[in-house]
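The values are calculated or read from the model by the stated rules, or taken from the named source; none is laboratory data. Keep in mind that what you see is a predicted model, and the values were worked out from it rather than measured. Heads up, the Cβs are rebuilt from the backbone with ideal geometry, glycines too, and the neighbour counts pull from every protein chain shown.
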């Protein structure tokens, strides 16, 4: 035990301290990797979905988050809700955010 204190006391006083930036480098790399693998792709998906919802128009075939397939027939509540026709004489009103997918024409 005494040897440890003796070795610490004999340390070179002119030795330079490690660069503090180098001790934070691993944390910065982890944050950077998390940004490119998790945060950036998620924000990209959100932007794509918002663009899809903004371009929604009458006649589009859509699928809701609940799995209901139908055709957009009109908009209500200042374009916050969508009226979707799912069968002859059956129309439902869903929130615009509940639209999960706009199917291509012909499907």
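Table for the structure above
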item	result
Conditions (1) surrounded by 10 or more Cβ atoms within 10 Å (Cβ to Cβ); (2) at pLDDT below 95; number of the one not met by residue 1	(1)
Residue among 28, 56 that is surrounded by 10 or more Cβ atoms within 10 Å (Cβ to Cβ) and not in a helix (DSSP H, G or I)	56
Boolean, residue 71 is in contact with a strand residue (DSSP E or B) (Cβ under 9 Å, 6 or more places away or on another chain) and not assigned by TED's automatic domain parsing to the domain that holds residue 104	no
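This table checks each residue for (1) touching a residue at least 24 places away in the same chain (Cβ under 8 Å); (2) surrounded by 10 or more Cβ atoms within 10 Å (Cβ to Cβ); (3) in contact with a helix residue (DSSP H, G or I) (Cβ under 7 Å, 6 or more places away or on another chain).
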| residue | (1), (2), (3) |
| --- | --- |
| 33 | no, yes, no |
| 52 | yes, yes, no |
| 82 | yes, yes, yes |
| 94 | yes, yes, no |
